[in-house]
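Worksheet: one structure, shown below.
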Amino acid sequence: MIKAIIIDDEAHCRDTLSMQLAKYCSNVQVLAQCRSAAEGLKAIAEHTPAVLFLDVEMPVMNGFEMLEQLPSVPFDIIFTTGYDSYAIKAIRFSALDYLLKPIDKDDLIQAVAKVNRQPELQMNQQIQLLLQKLDHKAPLQKIALPSLQGFELVLIDTIIRCEADDNYTRVYLKDRSPLLVSRTLKEIEELLEDNSFLRVHQSHLINLNEIVRYVRGEGGYVVMSDNSTVHVSRSRKDELLKVFR
């Protein structure tokens, strides 16, 4: 059985999630339902959960602030949240799972299926990356990229370019083989929008710091530091040339 704790300040959300788990995820045992982050911290200390269903938006202490109180995170976390673009972006940036309210049963089943796949060290790294992303104070050096095997922490400045591959993205890195990431190129673009990356084509996102030269043409193309060439679409040409100016 997967032992779980639900932390949410809204009673109907706790009750609904608990009923959904009982109906669709019979391998999950809910050990406690907590109405605040403070109650959640006590329940975590009392029980040994395998997964936490943690609401992001709570009064007094929100879900992210609660995580800052924990010295270590030896369990999986599935965030539950209404739409909050920056919170969701931070969660995606650290390759953690989240469920949008009202929670869809198929999304719930899929999220539960991933529980217990990450070693404690990796989970702690993901949480640290999440909290750094939310901090706003310093530029982030790493991003967590989900792969078919789990996720990899990658230095952002080692990414040369990203190329769409159906619903996946192939990320080309310095001094190593490409990484196939289980995110669309649009999602990767959103995660890297605060860094020096530009979408120059429907299928290509490039690191502007890794451009060696631009060759003119209808759209033209750029040569990257790994000697690869990336075509620039006509609609993106002006935006790219602004960078050079």
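The table below gives the values:
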item	result
Lone unmet requirement of (1) of a type in the set (A, V, I, L, M, F, W, C); (2) modelled with pLDDT under 95; (3) surrounded by 14 or more Cβ atoms within 10 Å (Cβ to Cβ) for Ala113	(3)
Identity of the residue in segment 227-240, out of contact with any Gly (no Cβ under 9 Å at 6 or more places or on another chain) and in a helix (DSSP H, G or I), that ends up farthest from Phe197 (Cα to Cα)	Asp238
Yes/no for Thr81 being among the polar types (S, T, N, Q) and free of Cβ contacts under 8 Å to residues at least 40 places away in the same chain	yes
Test: residue in segment 63-82 that is farther than 22 Å from Ile2 by Cα, buried (at least 16 other Cβ atoms within 10 Å of the Cβ), at pLDDT 90 or above and under 18 Å from the mean Cα position of the chain (by Cα)	yes
Enumeration of residues in segment 188-211 that are without any contact (Cβ under 8 Å) to a residue 60 or more places away in the chain and among the aliphatic types (A, V, I, L, M)	Ile188, Leu192, Leu198, Val200, Leu205, Ile206, Leu208, Ile211
Failed criterion for Phe151 (all others in (1) assigned by TED's automatic domain parsing to the domain that holds Tyr24; (2) buried (at least 20 other Cβ atoms within 10 Å of the Cβ); (3) closer than 26 Å to Leu21 by Cα hold)	(1)
Segments classed as helices (runs of 4 or more DSSP H), wholly inside segment 7-96, with at least 2 members that are closer than 30 Å to Glu193 by Cα	63-68, 85-93
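The values are calculated or read from the model by the stated rules, or taken from the named source; none is laboratory data. Since we're looking at a predicted model, the values are computed, not measured. For neighbour counting, all protein chains shown are included, and Cβ atoms are generated from backbone atoms with ideal geometry for every residue, glycine included.
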